[in-house]
Amino acid sequence: MLSTNIKEVTKPGHQALEKKVIFKLKAIRSHADYAELLKHFYAFFNAVEIAIAPYLTTQLLPDHAERRNAEYLKQDIEALGAEVNDLPVVTVPEITNTLQALGAMYVMEGSIMGGPIIVQMLAKYGVSTGVSFFSGYGEATGMMWAKFVAIMNEAAQTEEEEAIVMAAANQTFDLFSGVFGEVAVA
């Protein structure tokens, strides 16, 4: 099943991205620091959302409009007293079909699953403002993830189609990780 295979295939990219994000989170000491981190998320998510938009119809993903998106990141940045400017340059994955769009969205939706952990880390550093994106869907987070995974599994009917989704997810992890530059992580 795709949802099992994609988790294994993307594990190295997922872990590399996670290490960079955790390293950046541990360096946060102010709202300005946190806003700067969010700008990296915003720049990437906004660009990827534009790239996947033509392929993610309401017929495929009926609740697409209800899902967390870059607008939440923008609102969080502004709630911290910052502006959405001086954004890092980002490169988006190649998205030319629905399967690639689902692979990219797998990474984006998955980032919400780890959101509660990020909110807890931020609270340790005295940051409780600007966490609407990472708060996910609240009590419905697990249900929203399950709905997305079911749609992704249904869309990829063959091994070749699964390979397309997984390649797009891997490329998305790699490019998202690149947004944070090189960090010295142990």
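Just to be sure, is residue 98 over 15 Å from the mean Cα position of the chain (by Cα) and of a type in the set (Ser, Thr, Tyr)?
yes
Testing residue 130 on (1) at positive phi; (2) surrounded by fewer than 20 Cβ atoms within 10 Å (Cβ to Cβ), one condition comes back false. Which one is that?
Failed condition: (2).
Just checking, how many residues over the range 21-41 are open to solvent by 30 Å² or more (accessible area, probe 1.4 Å) and not polar (S, T, N, Q)?
11
Would you check which residues across the range 71-83 are surrounded by fewer than 17 Cβ atoms within 10 Å (Cβ to Cβ), in a helix (DSSP H, G or I) and not acidic (Asp, Glu) and list them?
Residues satisfying the conditions are 75, 79.
A quick yes/no check of all residues on (1) within 18 Å of residue 56 (Cα to Cα); (2) touching a helix residue (DSSP H, G or I) at 6+ places or on another chain (Cβ under 6 Å); (3) open to solvent by 30 Å² or more (accessible area, probe 1.4 Å); (4) small (Gly, Ala, Ser):
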position: 87; (1), (2), (3), (4): no, yes, yes, no
position: 93; (1), (2), (3), (4): yes, yes, no, no
position: 126; (1), (2), (3), (4): no, no, yes, yes
position: 165; (1), (2), (3), (4): yes, yes, no, no
position: 172; (1), (2), (3), (4): yes, yes, no, no
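The values are calculated or read from the model by the stated rules, or taken from the named source; none is laboratory data. The shown structure was predicted, so the numbers you read here are calculated from the model rather than taken from an experiment. Neighbour counts are summed over all protein chains in view; Cβ atoms, including those assigned to glycine, are modelled from backbone coordinates with ideal geometry. SASA here: full protein model, heavy atoms, side chains in, ligands and nucleic acids out. Shrake-Rupley method; radii C 1.70, N 1.55, O 1.52, S 1.80 Å.
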